Each structure stands twice: as C-alpha cells, then as structure tokens.
C-alpha cells in the first residue's frame, strides 16, 4: 500500500517536472519569437514604435516568468538559453547601430541648421 502511494507521489513529481519542462519550452519558444521579431523591427528602423515597445514589455515579463521557474531550467534547455543570449546580443548590436545612425543624422541636421543660420545672418 505504501509502495503504491510512493509510486503515485513519484509519478506526480515526474508529471510536475514534465509540466515545468513544458512550461520552460513554451516560454522559451515565445521569448525566442519575440526577440526575433524585435530584431526584424529594428532592422526595419522601427525600434521606437509602439509595436517594439509592446514586444519589449512582453519579453520582460517572459524573462520574469522563466526566472520564477528556476535559476537555469532543465539541462536539456541549456542550448536554448545560449540561443536566447545570442539573440539578445544581436538585438543589442542592431539597436546600437540604429542609435549611431540616428546620432549621425542629428549631427547632419545640426550642421545644416548652423549653415542656414549663417546664410540668413549674411543676407
């Protein structure tokens, strides 16, 4: 009788671990999709848009949910965590490049305004 009860508890633990593993998989799939979409939007120059902000907020909440499940997750998902790290790095690089492009454009605009101001004052 006790052996059956213990076996039932063991099955519950396996089911619980399976549920956690499934949840990790679902969350990692969604996060990977969000990061890929953010990279796509950033490549299109739309990193300041509302869609990008919504994706960023959702990605942040997913990271929180993943953290609540445990520090590293099941061992079989370690390669997925590495893939997410690569996606985050790619996103950071794309955003840095976009920021540099915007900064360069602002410098050109300021230079143009100074030139126009100079010509106006001489006329």
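The values are calculated or read from the model by the stated rules, or taken from the named source; none is laboratory data. All values derive from a computational prediction rather than experimental measurement. We place every Cβ from the backbone using ideal geometry, glycine too, and count neighbours over all the protein chains shown.
What pairs come up if the first residue lies in segment 57-85 and is at positive phi and buried (at least 16 other Cβ atoms within 10 Å of the Cβ), the second is in a helix (DSSP H, G or I) and at pLDDT below 90, and their beta carbons are under 9 Å apart, counting only those six or more places apart or on different chains?
Hits for this filter: 73/20; 73/21; 73/24; 73/66; 73/80; 73/81.
Can you confirm whether segment 22-45 contains a residue that is modelled with pLDDT of 75 or more, exposed (fewer than 13 other Cβ atoms within 10 Å of the Cβ) and more than 24 Å from residue 93 (Cβ to Cβ)?
Yes: one or more hits.
For segment 68-77, check the following and say yes or no: at least one residue is within 19 Å of residue 89 (Cα to Cα), under 18 Å from the mean Cα position of the chain (by Cα) and either outside any loop (DSSP other than H, G, I, E, B) or modelled with pLDDT of 70 or more (or both).
yes
What are the residue pairs meeting all of these: first residue in segment 92-106, first residue in a helix (DSSP H, G or I), second residue surrounded by 12 or more Cβ atoms within 10 Å (Cβ to Cβ) and modelled with pLDDT of 90 or more, Cβ atoms under 7 Å, and 6 or more apart or on different chains?
Hits for this filter: 94/39.
In segment 42-61, how many residues are outside any loop (DSSP other than H, G, I, E, B) and either within 17 Å of residue 86 (Cα to Cα) or over 12 Å from the mean Cα position of the chain (by Cα) (or both)?
Result for segment 42-61: 7.
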